[in-house]
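The values are calculated or read from the model by the stated rules, or taken from the named source; none is laboratory data. What you see is a predicted model; the values in this text were computed from it and never measured. Note that we place each Cβ from the backbone using ideal geometry, even for glycine, and neighbour counts take in every protein chain shown. Areas reflect the complete protein model, heavy atoms only, side chains present, ligands, DNA and RNA absent. Shrake-Rupley method; radii C 1.70, N 1.55, O 1.52, S 1.80 Å.
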Amino acid sequence: MKALLTLLLTSSLFAHEPVRARKAMVVAQEPIATDVGVDILKRGGNAYDAAVAVAFALAVTYPTAGNIGGGGFALIRTASGETNFIDFREKAPAGATRDMYLDKDGKPTRDSVSGWRAVGVPGTVRGLELMHKKYGKLKWADLVKPSVGLAKNGFELSYSVARGLKSAERQLGGFPESKRLYLNNGAFYDAGYRLRLPELARTLDRIAKRGPNEFYEGQTAKLLADGMAKNGGLVTLEDLKAYQAKERKPLMGKYHGHDIIASPPPSSGGIGMIQMMGVLDRLDYAKAGMGSAKLAHALAETMRRYYADRSQFLGDPDFVKVPVATLTSPAYVAQRAATITDRATPSSEIQHGPVPAEESTETTQISIVDKDGNALSLTYTLNGGYGSGVTAPGLGFLLNNEMDDFSVKPGSPNMYGAVGGQANAIAPGKRMLSSMTPTIVTKDGKLLLVIGAPGGTRIITGVMQAILNVIDFKLNIQDAIDAPRLHHQWQPDRLYLERGWSPDTAEILRKMGHTVETGAGGVSNVHGILVEDRWLQGAPDGRSNGKAAGY
Ligand code: DON
């Protein structure tokens, strides 16, 4: 009876059916790219082939974040249970220095956010290459080809993409090549317009025919380095030649009988997810019920403590020692949980936890499961919408502004309001800390969830809440993703409640001592796949224009 009541209540609250398919599923943030992925799967490609094709397609059809000029992470779990994490995060160019974004008075400039100097060495093409070499089945050229066709023959702009381009006038308008290609020279494009990107088509065609080295050593690399040199950018031909994607070991956590396969540093997501789930378990947070102030309070207090740790300890593991084991250990989790009371603790009273000095030692998301059960969650980005705003002349693609994810000055907030310190300071060849957190969940050794999101620092809390909604509240994947979320990141000391939380709940939270902000934008765009016994459930975030499709 109770189960039936819960079912009725939850379905009347959200009641969004996911897309269901028997064999395989693709979820991406832009529908044309989703269709490219399904087509590759139907032609015999596996999840990793499809991911390469979708990533290249998004580089054409979703210019705000789809890219070859940025970077990201791919989390892999093959049908045989092998797991891997491919890190193709951008790196600081060799010419970068710690204080390169401070003016003579020591104040941060806007150079890390906009223009040529904001660009980190792109990793996307190397990352896709590594994944394809190790796990792909089809030929590289055949996976890049659909994107060449889209750029050459054009694709119809959806309302969502056309509106996005129009709203990026400030970011793109100052760069002639971006203005010409992406803003129609200032006249903008309407929904329904067929956008052709001939320079990008030629770039992609070279990458298809000559292979990934073309981007790092060939004509593309030369044109990119030339553009940089002429415009005060730092990325050189040597930086491009030296760039390598890296395989890392995924982090493994446990939560309520599930195994969480999570993203390791330089992602800050996996440590966060495992630590926060541990704290929430100790607080028995779910008992309070979905939508309650008590539950929101437990989430917020847990989040703010983790983000204090994040700011202190996390950075590129190739440059700093990240205390992964301590930050996710049961003892540390218990200590953190014990400091949570039924009142809000002001962030000013929270510091990172005690870690021994020596320890033994606008983004986009693609989720795919193929007919054999190979799974992939890939998040990649230009950082801010349309990245640095710069399109490399003659190449047609936008470049990232990922350098802003470094802590440009200790304690000074980046574009997501996140603060950081020494661990995430700029150094040549270093990777900037990320919140991107592709995640896979298994139960009893079987694939259950493939999930991830764009959304800056709100990615970690967004993905975690969707996972908790599946595990603790038994929602289908679409409802789990669409349910209103909240976010707290320690600094600034604000509890963000999405639309959908009741004003009464907000009021109770204020009385508990929280500084509550309502309607403050979405908490990330989560896209996921849930594996049921005989069906795959696919769900793009209802907040987005994404698409799930399968067969
Ligand atoms: O890596 C990061 O954490 C950020 N560069 C992600 C940016 C992002 O998600 C923007 N999308 N909304």
Failed item, numbered, when Thr363 is tested on (1) within 29 Å of Ile426 (Cβ to Cβ); (2) away from the ligand (no atom under 16 Å from the Cβ); (3) polar (S, T, N, Q): (2)
Please go through region 416-428 and give me each residue that is assigned to a loop (DSSP other than H, G, I, E, B), away from the ligand (no atom under 14 Å from the Cβ), open to solvent by 20 Å² or more (accessible area, probe 1.4 Å) and not aliphatic (A, V, I, L, M), ordered by number. Pro428
Going through region 391-404 one residue at a time, which ones are within 14 Å of the ligand (Cβ to nearest atom) and either open to solvent by 20 Å² or more (accessible area, probe 1.4 Å) or more than 20 Å from Gln171 (Cα to Cα) (or both)? none
Could you please let me know if Arg336 is of a type outside the set (A, V, I, L, M) and within 20 Å of Asn424 (Cβ to Cβ)? no
Condition test on Leu8, is it modelled with pLDDT under 95 and either in contact with a Pro (Cβ under 6 Å, 6 or more places away or on another chain) or over 17 Å from Ala208 (Cα atoms) (or both)? yes
Qualifying positions in region 294-326 - over 20 Å from Gly462 (Cβ atoms) and among the aliphatic types (A, V, I, L, M): Val320, Val322, Val324, Ala325
Residues that are closer than 25 Å to Ala418 by Cβ and either at pLDDT below 95 or over 22 Å from the mean Cα position of the chain (by Cα) (or both): list the helices (runs of 4 or more DSSP H) wholly contained in region 201-309 that include at least 1 such residues. 269-283
If a residue has to be surrounded by fewer than 24 Cβ atoms within 10 Å (Cβ to Cβ) and in contact with a strand residue (DSSP E or B) (Cβ under 7 Å, 6 or more places away or on another chain) to count, how many in region 62-89 make the cut? 4
The listed residue being at pLDDT 95 or above and within 21 Å of Lys209 (Cβ to Cβ), out of Leu157, Leu138, Leu102: Leu138
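What do you reckon, is Gly456 closer than 21 Å to Thr363 by Cα and either part of a helix (DSSP H, G or I) or within 16 Å of the ligand (Cβ to nearest atom) (or both)?
yes
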Does Ser114 qualify as being within 15 Å of the ligand (Cβ to nearest atom) and open to solvent by 10 Å² or more (accessible area, probe 1.4 Å)? yes
Taking region 376-390 as the search range and keeping residues that are more than 11 Å from the ligand (Cβ to nearest atom) and within 15 Å of Lys179 (Cα to Cα), which one is surrounded by the most Cβ atoms within 10 Å (Cβ to Cβ)? Ser388
How many residues does region 157-199 hold that are in contact with a Lys or Arg (Cβ under 9 Å, 6 or more places away or on another chain), open to solvent by less than 40 Å² (accessible area, probe 1.4 Å) and either within 16 Å of Val60 (Cβ to Cβ) or among the acidic types (Asp, Glu) (or both)? 3
